[in-house]
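J.: Right, I'll just put the structure down here and ask away after.
The values are calculated or read from the model by the stated rules, or taken from the named source; none is laboratory data. Remember, it's a predicted structure, so these values are computed and weren't measured experimentally. Neighbour counts are summed over all protein chains in view; Cβ atoms, including those assigned to glycine, are modelled from backbone coordinates with ideal geometry. Note: accessible area is taken over every heavy atom of the protein model, side chains too, but ligands, DNA and RNA are not part of it. Shrake-Rupley method; radii C 1.70, N 1.55, O 1.52, S 1.80 Å.
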Amino acid sequence: MSVNTTLHTSARVAEMDANPSPSSVDVEGDDDPRCVAHTKDGGRCKKKRSAKHGMYCSQHGKLIKVQEDVERRAREERAREEDEITASTELASKVDAMTKLFEELTTKMEEFKRVVVARDDVLRGNKMNTIRRATRTFLDNGNALISAKETLASSAADVKSACERDEAFRKLLLKSVENERQQKELENAVKEANSRIKKLQISRDGEFMSTSRYREFLRESGIDVEGLDVFHIIACSHGGPDHTHNYLFALGSSFNRQIGDQLDALNCFLAGIEKCNKAVAIARKVAENEELWKHVALRGRSRRVLFTEGIHRNKTGNDLCREGEKLMRDLRTAARNERKRAEVMNS
Ligand SMILES: [Zn+2]
């Protein structure tokens, strides 16, 4: 039997179901000379009936004949498989019965051997020689028979389990193609899942990605991005590219717009040293390769500024982070002073 043939056949049956078939026949008066098959869009076939194909035009007649052949072959295949399983099950059960008989034979042979050895001194001369020879022949043949039976038993078991495996596999395949709509739904679900997975995957090396796609990525990851902008660590106006290594997730739109390109160092400090180093590295890499310049967005400017030309050109990730840390300290100092001033005014 061939599982592949079964799949092929069943898949074709499913495929055929989408086409005009006897089940979608529009039963109207026999005097209507048109073909009774339905077309894919649900309309009636406009062709004339063919004498050879009865109620159908020659195209649909042929199609239906092919479908019937496919279904008949599938039925025959199924019947053959069922016969095969019955036969292998029968074989295995006969082998089981034989096994019990053989176990008894083995015991009897052992007993016989013991008696022959024990009685060796009682029966002497030629008689005993004959018995010894006959015993040896009997035991040798008995052992050969037992070993042949074991080979047979294991082959029968292999055949049976192979048949069962094929049957289980075939059932699975039939199930998977039994309903075209379900199959389509499954395919769509897989497609959607794959596209979601694709969206969720960003390689460890990061990748060039527009801010809108990155925003979508965050959304797909379950982050509520409403009112948030994707945040460049190094602003595009300073040569920061649209790359995942240069994105600091998403922050409030108003914060993003206020901070503009004035406080890259603060972003660097917020991103942390590892991410900051990656952002600087990718910005330099882009600056050094003309083919990558397009990833530095112009955002309405007429001239593109690369990292190596911008205000950070001589800075490392560390430098930027330290600058950001100092900015944070200044902010804290300013906040403390403001609080003190308020206390003094209130007292
Ligand atoms: Zn037709």
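J.: Can you compute the modelled spin-label distance between ASN129 and ARG72, with each label point 7 Å from Cα toward Cβ, in nm?
T.: Label-label distance for ASN129 and ARG72, simple model: 7.4 nm.
J.: Would you tell me the accessible area of MET109, worked out with a 1.4 angstrom probe on the heavy atoms of the protein chains, in Å² to the nearest 10?
T.: So the heavy atoms of MET109 present about 10 Å² to solvent.
J.: Right, next: Describe numerically, in nm with one decimal, the distance between label points set 7 Å from Cα along Cα→Cβ at THR137 and at ASP83.
T.: 4.3
J.: Here's something else I'd like to know. Taking amide H positions as placed in the peptide plane 1.01 Å from N, state which residues far from GLY272 in sequence (5 or more) or on other chains have amide H under 5 Å from it.
T.: When sequence neighbours closer than 5 places are left aside, there are no close amide H contacts.
J.: Please give the solvent-accessible surface of ARG336 in Å², to the nearest 10, using a probe radius of 1.4 Å with every protein chain present.
T.: Number for this one is 110 Å².
J.: Keeping all protein chains in position, work out how much accessible area ASP83 exposes to a 1.4 Å probe, and write it in Å² to the nearest 10.
T.: Approximately 110 Å² for this residue.
J.: Using modelled backbone amide H atoms (1.01 Å from N, in-plane), which distant-in-sequence or interchain residues come within less than 5 Å of MET55's amide H?
T.: none
J.: Compare the Cα positions of GLY317, PHE269, ASN337 along the charge dipole of the stretch 211-346 (+1 at Cβ of Lys, Arg; -1 at Cβ of Asp, Glu; about the Cα centre) and return the one farthest towards the positive end.
T.: ASN337
J.: Further question on the same structure: Given points 7 Å out from each Cα along the Cα-Cβ axis, report the ARG336 to ILE223 separation in nanometres with one decimal.
T.: Result for the modelled spin labels: 3.2 nm.
J.: Under the Kirkwood approximation for Rh and a Cα-based Rg, what ratio Rg/Rh is obtained for the stretch 211-346? Mind showing how you got there, number by number?
T.: Values: Rg = 16.6 Å, Rh = 15.9 Å.
That ratio equals 1.05.
J.: OK, next. Output the pairs from LYS100/LYS160; LYS65/LYS160; LYS294/LYS326 with a Cα-Cα distance over 31 Å in this structure; if there are none, say none.
T.: Check vs 31 Å cut-off fails for LYS65/LYS160; LYS294/LYS326.
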